[in-house]
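Asks: Mind looking over this structure? Questions follow.
The values are calculated or read from the model by the stated rules, or taken from the named source; none is laboratory data. This is a predicted model, so every value here is computed, not measured. Using ideal geometry, Cβ is built from the backbone for each residue, glycine included, and neighbour counts are taken over all protein chains shown.
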Amino acid sequence: MATTKTLSTAQRLARASVRPLQCLRKGPAYAQRRAISAYGYEQAKALVFQDYGDPPAVLSLHGHSISPPHGDLMTLRFLASPINPADINQIQGVYPSKPTFTTSLSTAKPIAVAGNEGVAEIIALGSKPKEAGFKKGDWVIMNGPGFGTWRTHASARVEDVVRVDDAMRDGISAVQAGTVSINPCTAYRMLRDFVHLKEGEFFIQNGANSGVGRAAIQLGKQWGLKSINVIRSRDDTAAEDKLKKELKDIGADVVITDAELQSQGIKDMVKEWTNGGRAPIRLALNCVNGKAATAMAKLLASEAHFVTYGAMSKQPLTIPASMLIFKDIHFHGFWVSKWAQRHPEDKKKTVADVLDMTRKGTFKDTPFDKIAWEWETKGEELISKVKDTLEGYREGKGVFVFGQT
């Protein structure tokens, strides 16, 4: 946490002006409230790291002040920020998008704020955001990766965010808005942008119980597509059956394990599912790699498209030459962050469409594990929740939900 030695004179006066008020307020309600400066300085906390490494070893909770916004700046108060696998990879230093290391948060050495996705409320803004149509109370989501969303408050510029219009926000919770821009958008664009699937046609995907996988199942169902979904085999048969049913309940047509995918009888099973093989599988979505991904590619029709958006197994994707030469299968990579930078208006339309489905109840939330982040929440508690995600000890996606901060 920043000490008085690193604060400006105005900041020291601001903090001093709060202390007498703090002494007058008592009770549990006050214990959950932050100090608000009479000089307009926001007191903020953030999960930060100075060096790359495993999150439990490098993350710490840092406190700092944010000066009143002016010019092209606005001050944000975060409402909900998920913990995505990409966030973990970024902290480890193995993600293509790198965070910004800076000393602007009152530290002697450069630090970066973790987290890439989330929704925040504008609580103060300078002249340029007002001219651009932003106003106090608006919700915004991040325009790209690397902003740092695991924090209570932040200073941002217009180009850093996308406004969640009032019509988009109507009937939508902060958690829903804060988790829409990565997983649902990834599924949406992969189903739409690589091949035109007609109603009744099939796609196949692995990682089907992931956030992207669940989104693809539901979007495909909305658009009249049929899906074959691959999940990881589990030692607990009851848990495996429960997961299969869960995915079918949200629209999956077929759910199999990676062991079943690589079994001798898989081609006969696929023929049975696809009307005797007369319904070709023309799209595959891959986030796993390894032998199971190659087995999935073997089920595709000639001239089909195989889209890779992740590498959960940390194994390479091996492509037999015959798939390229004789079947002319097209292999693509997809990164939603790069797509969003190239197509900002399409991103906004995609987000609006998914939120509209959510509002109507035709698109269901991914199971969430809400992690309360209050002003008094200790850094150790927050970091332990990140560790749980890293080690897989969570049924739903972890999401920081900010209370009285």
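Asks: Starting from the range 330-355, keep only residues that are farther than 18 Å from Gly118 by Cβ, then list their pairs with residues that are surrounded by fewer than 16 Cβ atoms within 10 Å (Cβ to Cβ) whose Cβ atoms are within a distance under 6 Å, requiring at least 6 positions of separation or different chains.
Replies: none
Asks: Under the condition of being outside any loop (DSSP other than H, G, I, E, B) and modelled with pLDDT of 95 or more, which residue from the range 169-182 is surrounded by the most Cβ atoms within 10 Å (Cβ to Cβ)?
Replies: In this case the residue turns out to be Gly178.
Asks: Another question, then. Being surrounded by fewer than 20 Cβ atoms within 10 Å (Cβ to Cβ), more than 13 Å from Leu382 (Cβ to Cβ), within 22 Å of the chain's Cα centre (by Cα) and modelled with pLDDT of 95 or more is the filter here, so list the residues in the range 55-91 that pass it.
Replies: Within the range 55-91, Val58, Arg77 qualify.
Asks: Continuing with this model, one more query. Determine whether the range 296-319 contains at least one residue that is in contact with a Leu (Cβ under 8 Å, 6 or more places away or on another chain), part of a helix (DSSP H, G or I), in the same structural domain as Asp258 (by TED's automatic domain parsing) and surrounded by 14 or more Cβ atoms within 10 Å (Cβ to Cβ).
Replies: Yes, some residue in the range 296-319 is in contact with a Leu (Cβ under 8 Å, 6 or more places away or on another chain), part of a helix (DSSP H, G or I), in the same structural domain as Asp258 (by TED's automatic domain parsing) and surrounded by 14 or more Cβ atoms within 10 Å (Cβ to Cβ).
Asks: Continuing with this model, one more query. Could you list all residues from the range 112-143 that are surrounded by fewer than 22 Cβ atoms within 10 Å (Cβ to Cβ) and on the phi > 0 side of the Ramachandran plot?
Replies: Residues satisfying the conditions are Gly133, Gly137.
Asks: With respect to Asn229, is the statement that it is within 28 Å of Pro367 (Cα to Cα), among the polar types (S, T, N, Q), part of a strand (DSSP E or B) and within 22 Å of the chain's Cα centre (by Cα) true?
Replies: Spelling it out, Asn229 is indeed within 28 Å of Pro367 (Cα to Cα), among the polar types (S, T, N, Q), part of a strand (DSSP E or B) and within 22 Å of the chain's Cα centre (by Cα).
Asks: Now for a separate question. Which pairs have Cβ atoms under 9 Å, sit 6 or more apart or on different chains, and link a residue in the range 187-201 that is loosely packed, with under 14 Cβ neighbours inside 10 Å to one that is at pLDDT 95 or above and part of a loop (DSSP other than H, G, I, E, B)?
Replies: Lys198/Gly224; Lys198/Leu225; Glu199/Trp223; Glu199/Gly224; Glu199/Leu225; Gly200/Gly224; Gly200/Leu225
Asks: Name the helices (runs of 4 or more DSSP H) wholly within the range 325-394 that hold at least 2 residues that are out of contact with any His (no Cβ under 7 Å at 6 or more places or on another chain), outside the structural domain of Ser60 (by TED's automatic domain parsing) and farther than 30 Å from Arg282 by Cα? Even if it seems obvious, please write down each step before you answer.
Replies: Numbers: elements: 336-342, 344-360, 379-391.
Per the criteria, no element qualifies.
Asks: Would it be correct to say that Glu272 is acidic (Asp, Glu), part of a helix (DSSP H, G or I) and in contact (Cβ under 8 Å) with a residue 12 or more places away in the chain? Spell out the reasoning first.
Replies: Working: acidic (Asp, Glu): yes; part of a helix (DSSP H, G or I): yes; in contact (Cβ under 8 Å) with a residue 12 or more places away in the chain: no.
No, not satisfied.
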